[in-house]
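> My questions will all concern the structure given below.
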Amino acid sequence: MARSLTHFLPLLLFVCFAAIASVALIMTLSGERKLSELPSALIGKPVPVTELPSLSNPQAFIKIEATAATPYLVNFFASWCAPCRAEAPALAILGKQIDIIGVAYKDKPEDSRKFLADFGNPYRAIGIDNDGAAGLNWGVYGVPETYLISKDGIILKRHAGPIDGDILRDEFLPLIRSLQDRE
Amino acid sequence: MRYFNALILILLVGMSLQTLSVPAAFAITAEEQLADPELEARARDLSKQLRCLVCQNQSIDDSDADLAKDLRAEVRKQLLSGADDQTIMADLQEKYGDYVLLNPPVSLATIGLWATPILALLIGGGLIILNRRRVKQPPPQSAQDLSENTDDKPVSVKTMHAGTLGTPILAITASFCIIAAGAIYWFVLGSPSLPSQPLSQRASEISQDASQAEALLAEKQKAYTAAKDATLRAPENIGSWLELALAAAELGRMDDELNALRTALSLTGEDAGIKSMLAEALTRSAEGQVIPEARQLIAEVLAENGREPRALFLSGLAAMEDGAYKRAVDNWRYLIEISPSDAPWLVVVRKNLQEAADRAGIELKTDSDNSNLPVLSQESLSAAAEMSPEERLEMIEGMVVRLRERLENAPSDSAGWQRLARAYTVLGQPEEALKALVSASEAAPGDLKLQLAVLEQLMLAGQAGDRSQTSDQALAKEVLVRALAVNAEHPELLFFAGHFARQEGDKDKARFYWVKLLDTIPQTSETARLLQAELDKLAR
């Protein structure tokens, strides 16, 4: 009896390993587990207080502070970023529902202005993050990235990459609606 | 069991190999570095522990990504402000999460990661020790005499016993082989010290292709210039104008091509061949539309020579354009019928014919395949494929009878008679085939080529000698008369005419034909010599 156990133990171990690997593989193939989706460290944490020169008036500053009057979005974008153009329609819709603060990430101000003229300006205010320092504080690793922040200044959601129709409809709009209903 | 031991060995060696990773090229640039060598050393050390979040499997020290550069700068900025290593790591961990650390901290989520190697070692080692013990103390059953046991249990114990003894050698060999294979693979394809040739190679390949295309174009250009010069030097030479048209067509210079063709046409004074070439060029220039000018030319060509292939083809195109699919089908069918079987345009014509037939709702007979029975439709052909040879023959015979009946009611269908002849040939009835051929030649008295072919068949049959020669000869003469009516100068016809006259004893007539024939062929040829000899014999 004891022998048959040691006999089958390796097989059992292998079956366990194969089962775990299969589940991971199936989840990846079905798109349930996204390999490119990285964990976000800042979710549930207070927003990093940020002060950036304003795009519309470089003498002035825009501030992202610990609290705000309403929930809002922070969107990192750049004129040189193709996916940012792709998400312009989604941002235009979002801009009608909620305030969006834009951060022009590593972009020349004149390029940013031209980008906004070409693809629309959904932002309530735009800050210039010339060297990407603000991006570092927010844990940004590529544009576009969008954060949803409660009025208490807690980061509720982060989306890396362009917001497409599905993500807008399934993720952002329901969350924003529930936030606004709560008030 | 022995495989498991081998597996553990392989895993162990594999893990130790992993740590021997090759030092990567430095991504860091000179201006990024700190002046203080001690601080810089710390910066490098920290950078090696931080993950580049864009590339994900490189440290920020290795990575060329923008974000990695930013993070390197951030680390150095914090170092300069006097922060210690732990603070810097903690700060980045707070912003980017555990994921930024290449050494993941031990937590509930990562415990499996950290514990697996230890567990694998413990379990594997335990199993190996257990196995060893069993080898040293074999179970009592194996000591029993095998011959007394009909049960196969002890045998299986013995097999296992031997297997465990062989395990280390097997495992070592297997793992060595796998590692060696991996190493070879790595050196050939994976080593970072490999020169990064592919791109430069591709670049040179691309430029090679481009230069080849350029050379080809230059060649075409040269041919065009040469042809143009030739027309300037000898503007009366039709050939050089045609060459210019070809060269211009190669270069896609539509206007030049049309001009050259028009000039050639005016020089020849309405040559049908050039007219149809011009019609074709006009059609090409209109992207496949048969424009009125082209239609006019086609009509002129066909009025002069109803068998001009290019004009026939274009006329079919024009019919398609007008929606007269039936007319297009007739046109192209005729073209296929009169074309030599190796004509280069047949493929295109057949494709177009199929399309026209589909649009007209006409089921095409398998005219296109001369070796097959043309009376068979595609459907009955595939049905025929499933039949026994006898059944198939019977079916073909039935169809031949029907075709024959139809032709007897409409004897002017020369193509139909030819099909019937082919069917009889397939059925192994050469006499009937010959009769059908004669009917075909009767139906199309103007078709010189057909008359000649029938005549040859008749002469061959006569020479075979297994049939009444006289009836064949009578038929042959009939055909010959028809053929001579079309072209009284044709050498072959003249020869046959002389031949028949001599057979009938009419020496003068024979001499008349053969002298005429001698005039049409080169005097020095072998045929001329033989013919002269025959003439000499006649004179005697």
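The values are calculated or read from the model by the stated rules, or taken from the named source; none is laboratory data. A quick note: this is a predicted structure, and the numbers were derived from the prediction, not measured. Here the Cβ is made from the backbone with ideal geometry for all residues, glycine too, and neighbour counts use every protein chain on show. Side chains are part of the model used for accessible areas, which takes the heavy atoms of the whole protein and leaves out ligands, DNA and RNA. Shrake-Rupley method; radii C 1.70, N 1.55, O 1.52, S 1.80 Å.
> Out of every Cα pair in the range A:50-182, what percent are spaced more than 24 Å from each other?
21 percent
> How far apart, in nanometres, would the label points at B:Gln33 and B:Asp45 be if each is projected 7 angstrom from Cα along the Cα-to-Cβ direction?
With each label placed 7 Å out from Cα toward Cβ, I get 1.8 nm.
> Could you name every residue in the range A:130-172 that has 20 Å² or more less accessible surface in the full protein assembly than in its own chain alone (probe 1.4 Å, ligands and nucleic acids excluded)?
Those are A:Leu136, A:Asn137, A:Gly139, A:Tyr141, which lose 20 Å² or more relative to the chain on its own.
> Shifting gears a bit: Relative contact order for the range A:50-182: what is it in percent, counting Cα pairs under 8 Å that are at least 6 residues apart?
Values: 232 pairs, mean separation 41.4, N = 133.
Contact order relative to length: 31 percent.
> Considering protein heavy atoms only and a 1.4 Å probe radius, which residues within the range B:56-71 exhibit an accessible-area decrease of no less than 30 Å² in the full assembly relative to the chain by itself?
Flagged in the range B:56-71: B:Gln56, B:Leu67, B:Asp70.
> Would you mind checking the pairs B:Lys48/B:Lys69; A:Lys63/A:Lys151; B:Lys435/B:Lys507; B:Lys275/B:Lys351; B:Lys516/B:Lys537; A:Lys157/B:Lys95 and listing those with alpha carbons more than 20 angstrom apart? Present the calculation step by step, with values, prior to reporting the outcome.
On the way: B:Lys48/B:Lys69 13 Å; A:Lys63/A:Lys151 14 Å; B:Lys435/B:Lys507 30 Å; B:Lys275/B:Lys351 25 Å; B:Lys516/B:Lys537 17 Å; A:Lys157/B:Lys95 14 Å.
Over 20 Å Cα-Cα: B:Lys435/B:Lys507; B:Lys275/B:Lys351.
> Right, here's the next one. Roughly to the nearest percent, how much of the accessible area of the range A:50-182 is carbon and sulfur, given a 1.4 Å probe?
Details: 3110 of 6000 Å².
The value for the range A:50-182 is 52 percent carbon and sulfur by accessible area.
> If I take R0 = 56 Å and measure r between the Cβ atoms of A:Asp131 and B:Ile111 in this structure, what FRET efficiency does the formula 1/(1 + (r/R0)^6) give, to the nearest 0.05?
Working: r = 39 Å, r/R0 = 0.70.
E between A:Asp131 and B:Ile111, to the nearest 0.05, is 0.90.
> Quick one: check the C-alpha center-to-center distance for the range B:72-142 versus the range B:24-67, whole angstrom.
When both Cα centres are located, 23 Å separates them.
> Taking only protein heavy atoms and a 1.4 Å probe, what accessible area per residue, in Å², does the range A:50-182 have with all protein chains in place? Don't skip to the end; give the middle numbers.
Numbers: 6000 Å² over 133 residues.
Using a 1.4 Å probe on heavy atoms only, each residue of the range A:50-182 averages 45 Å².
> Size of the dipole of the range A:50-182 about the Cα centre, Lys and Arg at +1 and Asp and Glu at -1 on the beta carbon, nothing else charged, in debye to 20?
Working: 14 positive and 17 negative charges, 48 e Å.
Using Cβ point charges on Lys, Arg, Asp and Glu, the range A:50-182 gives about 240 debye.
> Within straight cross-link reach of B:Lys222, meaning Cα distance under 13 Å, which aspartates and glutamates are found once same-chain residues fewer than 8 apart are removed?
Leaving aside aspartates and glutamates fewer than 8 places away in the same chain, those within reach of B:Lys222 are B:Glu214, B:Glu243, B:Glu250.
> Shifting gears a bit: Just by accessible area at a 1.4 angstrom probe, what is the order of B:His490, A:His7 from largest to smallest?
On the way: B:His490 40, A:His7 80 Å².
The ranking, largest first, comes out as A:His7, B:His490.
> Interface size between chain B and chain A, please: total buried accessible area, 1.4 Å probe, rounded to the nearest 100 Å². Don't jump to the answer; show the numbers that get you there.
Details: alone 32900 and 10870 Å², together 41940 Å².
Buried: approximately 1800 Å² between A and B.
> Sequence neighbours fewer than 8 away in the same chain don't count; with that in mind, list the lysines whose C-alpha is under 17 Å from A:Lys114.
Excluding near neighbours in sequence, the set is A:Lys106.
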